[in-house]
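Visitor: Supplied in structure tokens, the structure appears directly below.
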Amino acid sequence: MGINGINNRTNNFGNRVDGPWVFGMAEQGSRKVKMFLVEKRDRDTLLPLLLEHVDTQRVIVSDGWKAYCGLNLYFCGHNMVNHSENFIDPTTGCHTQLIECVWSHAKLKIMANKRGTTISLLQSHLSLFCFCYRFKGSEFEEFMRILDGKH
């Protein structure tokens, strides 16, 4: 899971300067991803999304963002990767590369291919990206199954 700004403008420390925040989750070993436009990136905003969309028997992997501290109280486990020290935890082998890769694909699709979007349409673009990412190659068939009520 991870959170990122939609704009590429950053200061020299990698922090977003302006633009909306997007919170994302990716399930390891599947193509299930979810992305949400959020106004804040604090615990009160992110925890309800996690509890609604992630099985509490899962182990969460995140970076060291302060809003993620204590997730082991809600989930089976929580592994944090300190990106100021390394990108793959040398002890556990945990990393956040999957969500970062998915996020880069989403930014490319939404910001480059669609030439940006408005805030009012951003969540719909994120949802469409997540659907197409999960069902890559069979998007139309899956969409028709949903319409037929067979999903």
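Visitor: For the structure I just gave you, tell me whether V54 is touching a strand residue (DSSP E or B) at 6+ places or on another chain (Cβ under 8 Å), modelled with pLDDT of 90 or more and surrounded by fewer than 17 Cβ atoms within 10 Å (Cβ to Cβ).
Guide: Numbers: touching a strand residue (DSSP E or B) at 6+ places or on another chain (Cβ under 8 Å): yes; modelled with pLDDT of 90 or more: yes; surrounded by fewer than 17 Cβ atoms within 10 Å (Cβ to Cβ): no.
No.
Visitor: Applying the selection to the range 127-151, what residues are touching a residue at least 60 places away in the same chain (Cβ under 8 Å) and either in a loop (DSSP other than H, G, I, E, B) or of a type in the set (V, I, T) (or both)?
Guide: Of all residues in the range 127-151, those touching a residue at least 60 places away in the same chain (Cβ under 8 Å) come to 127, 129-130, 133-136.
F135, K136 - these are the residues of the range 127-151 that are touching a residue at least 60 places away in the same chain (Cβ under 8 Å) and either in a loop (DSSP other than H, G, I, E, B) or of a type in the set (V, I, T) (or both).
Visitor: When both residues are 6+ apart or on different chains and their Cβ atoms are under 6 Å apart, which pairs have a first residue that lies in the range 17-31 and is surrounded by fewer than 17 Cβ atoms within 10 Å (Cβ to Cβ), and a second that is at pLDDT 90 or above and in a strand (DSSP E or B)?
Guide: The qualifying pairs are P20/L37.
Visitor: Moving to a separate point now. Going residue by residue through the range 95-113, is there one that turns out to be in contact with a Phe, Trp or Tyr (Cβ under 8 Å, 6 or more places away or on another chain), within 22 Å of P20 (Cα to Cα) and among the charged types (D, E, K, R)?
Guide: Looking through the range 95-113, at least one residue is in contact with a Phe, Trp or Tyr (Cβ under 8 Å, 6 or more places away or on another chain), within 22 Å of P20 (Cα to Cα) and among the charged types (D, E, K, R).
Visitor: For G19, work out the one condition from (1) of a type outside the set (D, E, K, R); (2) under 20 Å from Q123 (Cα atoms); (3) out of contact with any strand residue (DSSP E or B) (no Cβ under 9 Å at 6 or more places or on another chain); (4) at pLDDT below 90 it doesn't fulfil.
Guide: In the conditions (1) of a type outside the set (D, E, K, R); (2) under 20 Å from Q123 (Cα atoms); (3) out of contact with any strand residue (DSSP E or B) (no Cβ under 9 Å at 6 or more places or on another chain); (4) at pLDDT below 90, G19 misses (3) alone.
The values are calculated or read from the model by the stated rules, or taken from the named source; none is laboratory data. Computed from a prediction, not measured in an experiment: that's the story for all the values here. A quick note on method: Cβ atoms are made from the backbone with ideal geometry, for glycine too, and the neighbour counts reach across all protein chains shown.
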